[in-house]
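Every read-out reported here was derived from the displayed coordinates using simple, explicitly stated rules and does not represent laboratory data. Just so we're clear, the structure is a prediction, and the values are computed from it rather than from any experiment. Positions of Cβ are backbone-derived with ideal geometry, glycine not excepted, and every protein chain shown enters the neighbour counts.
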Amino acid sequence: MVILVQTPANFSVKPINHRTVDKVQYWSKEKLKEALKSYDLNGDGKLSKEEIKQAFKYLGSNCGSYRAWKAMSHADADGSGYVDLTDKELEELVDYAYNIGYKMPSK
Ligand SMILES: [Ca+2]
Ligand SMILES: [Ca+2]
């Protein structure tokens, strides 16, 4: 007969679940770009702060307003108040979102 003794020490050591860690998928830059572009809700070819907020919310941010504001000041190179989807500003926005490390929604 085998008796399993669980000491308090055994309880406190929580093994890292590598399988769970491996399942976490981060947004790739390509996917981020697609997602962000799709959030041009009024189709004017640029992202307003509100649209970025919505996008970040979708990406899993729980402080969308703050992130949107930060992203805007980071990506809006020409100071137009919008992130233009046609040029470098989009790339900057993608970089910003990428560096946050949003995880893909798990199915
Ligand atoms: Ca727009
Ligand atoms: Ca701009």
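Below is a table of values for the structure above.
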quantity	calculated
Residues with amide H under 5 Å from that of Lys46, placed H, sequence gap 5 or more	Leu85
Integer Hz, Karplus 6.51/-1.76/1.60 couplings in order for the range 27-44, x for Gly and Pro	5, 7, 4, 4, 5, 4, 4, 4, 4, 5, 5, 5, 8, 6, 5, 9, x, 8
Ranked by how many other beta carbons lie within 10 Å on average, peptides 27-37, 73-83 from highest	27-37, 73-83
Length released on extending from Lys103 to Asp87, taking residue separation times 0.36 nm less the Cα-Cα span	3.2 nm
Quarter of Cα convex hull surface for the range 26-100, i.e. mean projection, nm²	4.2
Net lengthening on full extension, Leu41/Ala77 (0.36 nm per residue, minus Cα-Cα)	10.8 nm
HN-Hα J in Hz across the range 46-54 - Karplus 6.51, -1.76, 1.60, θ = phi - 60°, x for Gly and Pro	8, 9, 7, 4, 4, 5, 5, 4, 4
Distance (nanometres) between label positions extended 7 Å along Cα→Cβ at Gln25 and Gln54	2.4
Nonlocal amide H pairs with Met104, under 5 Å, H built at 1.01 Å	Gln25, Tyr26, Trp27
